[in-house]
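**Q** Right, I'll just put the structure down here and ask away after.
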Ligand SMILES: Cc1cc2nc3c(=O)[nH]c(=O)nc-3n(C[C@H](O)[C@H](O)[C@H](O)COP(=O)(O)OP(=O)(O)OC[C@H]3O[C@@H](n4cnc5c(N)ncnc54)[C@H](O)[C@@H]3O)c2cc1C
């Protein structure tokens, strides 16, 4: 069975749903192919300030308020041994030259949140296809459509003027060889083990539902994210070989780490009950090159994922959704129709934003003490901008903190995209 569409989107996670909603605002209809039945489990429960801003742009604030989503005011990072903590508040700016103001964002149970987003997209007129994208239909440089298998086993061809890959870590178009190559990210050889618990001790007052990060050593840390009034999501991230050398179940490993990783974490988990079985993710850090083409592009995790520590995945998904919709409109309106690479400007804009976060994360891991000084003392406002996700455009590349971080990283041989050269530059 063959059907024709203006835009075909693979994946109904936040990237797919938000892209469809931004397209809808521009009067462009789309169809989302989603293989899972929602609600489905997903990790990634904490939002940054600008992620909240994107949801507000999509008119989701009233919905989230109605469902009593937890309010996040900031992120507290505890250093090794529970010492040297610093706090990054959520703050917004009305415009690039305006001063920062206190703001809030949300925490969410992702299964419920992702369903809410997809349902809202459908309510607003977005079509869905219940089934799995299985193949591509190419004609020269054009990606004419996507082969799909519906849940009843029937085969379909969804033809699109534009195809958007929002398949998350499945990286559909990269796996089909349409875009790429796909390379390892800097935080590739790590494992995240996560559990949901009740009985954890949160802070008092306004900061009760904030995100807490506990650092042990390089690439060994934990998150603590309240997801409702009772339940907290806790994730333990360690190098893969450390986890395999333990030869433990996920639950036993998590329990051991809760009591040994960081005394500030241990204090909060004395009487916790696990309310679900332990889950895990590995090899989640990667970078796909050339991720747009003549009539196709990616949004969200489908082209790059750096590191989960500062909760920026949903930021990329929701920001790129907005920018992708603008680029698709320009293409469908004929403005960029004839260009060899109509989405290159979007790709470069999105990559440069991600590069800022790559710089910040690489600096956090490679130079924790200088980073802490930037965040806590010398460049507080600039780091707050980065944590919020105000990372797009040229101005931020001129921030003093960004230049300093890049100079430090250059000494260890990192370029701006976080790729480490074989030979570090002479110090
Ligand atoms: C350990 C860990 C912790 C994280 N914590 C945070 C956090 O606290 N905050 C944050 O913002 N981000 C976090 N993230 C990242 C965040 O979860 C992702 O960035 C976000 O989910 C990306 O959204 P997406 O829509 O691109 O992909 P997804 O949410 O993965 O959605 C992709 C969808 O595509 C569907 N799909 C895939 N292949 C096909 C196919 N062939 N056919 C049809 N459908 C398909 C999938 O079923 C899925 O529903 C974390 C990530 C990890 C690994």
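The values are calculated or read from the model by the stated rules, or taken from the named source; none is laboratory data. Remember, it's a predicted structure, so these values are computed and weren't measured experimentally. For neighbour counting, all protein chains shown are included, and Cβ atoms are generated from backbone atoms with ideal geometry for every residue, glycine included.
**Q** Looking at 364, 316, 374, 343 in this structure, which one is away from the ligand (no atom under 16 Å from the Cβ) and under 24 Å from residue 399 (Cα atoms)?
**A** 374
**Q** Taking strands (runs of 3 or more DSSP E) that do not extend beyond the range 152-229, which have at least 1 residues that are under 30 Å from residue 327 (Cα atoms) and under 18 Å from the mean Cα position of the chain (by Cα)?
**A** Qualifying strands (runs of 3 or more DSSP E): 155-165, 182-184.
**Q** Moving on to the next point. Is it the case, given these coordinates, that residue 200 is surrounded by 14 or more Cβ atoms within 10 Å (Cβ to Cβ) and within 14 Å of the ligand (Cβ to nearest atom)?
**A** no
**Q** Can you name the residue in the range 338-363 that is touching a residue at least 12 places away in the same chain (Cβ under 8 Å) and part of a loop (DSSP other than H, G, I, E, B) and is also nearest to residue 403 (Cα to Cα) among such residues?
**A** Checked the range 338-363; the qualifying residue nearest to residue 403 (Cα to Cα) is 343.
**Q** Test residue 216 against the stated conditions and say whether it is surrounded by fewer than 23 Cβ atoms within 10 Å (Cβ to Cβ), within 24 Å of residue 363 (Cα to Cα), in contact (Cβ under 8 Å) with a residue 60 or more places away in the chain and away from the ligand (no atom under 13 Å from the Cβ).
**A** yes
**Q** Report the residue count in the range 24-35 for those that are part of a loop (DSSP other than H, G, I, E, B) and either in contact with a strand residue (DSSP E or B) (Cβ under 9 Å, 6 or more places away or on another chain) or within 10 Å of the ligand (Cβ to nearest atom) (or both).
**A** Counting residues in the range 24-35 that are part of a loop (DSSP other than H, G, I, E, B) and either in contact with a strand residue (DSSP E or B) (Cβ under 9 Å, 6 or more places away or on another chain) or within 10 Å of the ligand (Cβ to nearest atom) (or both) gives 3.
**Q** Among the residues in the range 9-19, are any within 11 Å of the ligand (Cβ to nearest atom), in the same structural domain as residue 296 (by TED's automatic domain parsing) and either surrounded by fewer than 18 Cβ atoms within 10 Å (Cβ to Cβ) or in a strand (DSSP E or B) (or both)?
**A** yes
**Q** Further, regarding this structure: If the requirement is being at pLDDT below 95 and either in contact with a helix residue (DSSP H, G or I) (Cβ under 9 Å, 6 or more places away or on another chain) or more than 14 Å from the ligand (Cβ to nearest atom) (or both), which of these qualifies: 47, 67, 38?
**A** Only one candidate qualifies: 67.
**Q** Go through the range 218-232 and give me each residue that's modelled with pLDDT of 95 or more and within 18 Å of residue 263 (Cα to Cα).
**A** 220, 221, 222, 223, 224, 225, 232
**Q** Need pairs with beta-carbon distance below 9 Å; first residue outside the structural domain of residue 10 (by TED's automatic domain parsing) and within the range 121-138, second within 8 Å of the ligand (Cβ to nearest atom) and modelled with pLDDT of 95 or more; sequence gap 6+ or separate chains.
**A** Nothing qualifies.
**Q** Hey, another quick one. Pick from 195, 164: which is buried (at least 18 other Cβ atoms within 10 Å of the Cβ), more than 9 Å from the ligand (Cβ to nearest atom), modelled with pLDDT of 95 or more and not assigned by TED's automatic domain parsing to the domain that holds residue 275?
**A** 164
**Q** For the range 393-410, what are the residues that are within 21 Å of the chain's Cα centre (by Cα) and either under 20 Å from residue 219 (Cα atoms) or surrounded by fewer than 18 Cβ atoms within 10 Å (Cβ to Cβ) (or both)?
**A** Residues satisfying the conditions are 393, 397.
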